[in-house]
Each structure stands twice: as C-alpha cells, then as structure tokens.
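A short reminder: the numbers here are calculations on the coordinates, not readings from a lab. This structure is a prediction, so every number in the text was calculated from the model and none was measured. FYI the Cβ positions are ideal-geometry reconstructions off the backbone, even for glycines, and counts take in every protein chain you see.
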C-alpha cells in the first residue's frame, strides 16, 4: 500500500493476495496464519512507528521510508522466517513452518521490488540498501501489483466475488497515489496518521480475503487441516 507517490509501502491487498497463493500451495495450513505471516513485517513497522523507533521523512507531499531497518531488513525477514521454520520443526510441523517462513519472506521480496532503495541488509542504519523503485512509476506500479493480485487469485482458484473485491481494493488505492497539497505537512505534524492508515488497510485486506475466500475453502479444505 502507498499513501504518497514516492517511498511508500506496497499495497496491503498485494501482500494479502500472496497469502492466497501460499494457501493453494500449502492447503493444510490455515488461511489466517498465512494472512498474518505475509504482513508480519508490516505489523512490526506499525508498532515501531507508533513507538518512534522507526520513522519516515517527508519532503513536500512525498513520504520516504528512510528508516525502517529493524522491521524491513533482509536479515529481519530471514531471521523471522528461520524462527517459523525452526518452530515448525520442533513441534513436528515442518509443513506449517515452511509455509509461514516463505510467507514472511514474501513481504521483503515484494517490498524490494516496489520500494525505492530503503531495504537494508542488516537491522542497522548504514550499509547497502535494496529497492528497484517500481513505485517511482505509479501507473506501471499499479498495473504490476494488480496483475500480481489477479495471478494469485487465479492460482488459488477463487470466486468471481473474491476477484471483484481484490480489484476494488486495488482501485481504491489510486486516489492515495495523488494526495492533496498539504498532506505532507499533516503527516509531519501527526506522525501516527500514516501507520494508522496502513493498519486499517492491512486489517481490511485480511477481512476481505478471508470473507470472500471462505466459499472456495469450504469446497477444497482438507479433512484434517494442520493449522486453523
């Protein structure tokens, strides 16, 4: 999800759609654990932003996520994924651990593709930064993310209603790419606004995917799921 044209965050619906692909690949793992896993890194960023541990830089009406090394570094994603895999192995649920680990890593991979260079290798302020800056080309970024979401839906085998919901959530992000003058100043004065907006979109995308994917899951859910 992106609130301002440059330096923002990959759309919440994009990450949530990725959970559909993981659900199809790992059908015995519950959808909710996967939805949380694909956004776990974002949840860390929201908490760290509220606490002032991580922050953004606003120039005019553009926001740059210049300091998010603790939540979004490659090391953080890898470490959290390793914990998930290790926990799954310790309780003899390697299948679940692998699914959750890959879901966590998917967030970092998608953000590297879409972010400007602000993904650090290690959880520290200095060092190389990764980011292909696809979001620097808003129309192309929107098209790529929409195609990705539709591809995840297709792979999952979801209903037409789920597809419509995913498309609508993508379309709702278009006005956010072109904020009104003065938006940057408002974010500077009230830094809690941005993480709050992102939190609302994360939760909304979770509920949308879960609610509209239920019918498909009822027909395809294995008799003995590993994680509810």
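Below are the figures for this structure:
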| read-out | value |
| --- | --- |
| Potential lengthening between residue 122 and residue 59 on full extension [0.36 nm per residue; Cα-Cα distance subtracted] | 20.1 nm |
| Computed [θ] at 222 nm, helices only, for the chain once each DSSP H run of length n ≥ 4 contributes -39500 (n - 2.57) | -20000 deg cm²/dmol |
| Segment 20-67: C-alpha pair distances exceeding 14 Å, % | 62 percent |
| Pairwise label distance in nanometres, residue 167 with residue 79, each label 7 Å out on the Cα-Cβ vector | 4.3 nm |
| Separation in nanometres of the label points that stand 7 Å from Cα toward Cβ, at residue 137 and residue 193 | 3.1 nm |
| Net lengthening on full extension, residue 219/residue 90 (0.36 nm per residue, minus Cα-Cα) | 43.3 nm |
| Translational D in µm²/s for segment 66-150 (Stokes-Einstein at 37 °C, 0.692 mPa s, Kirkwood Rh from C-alpha pairs) | 237 µm²/s |
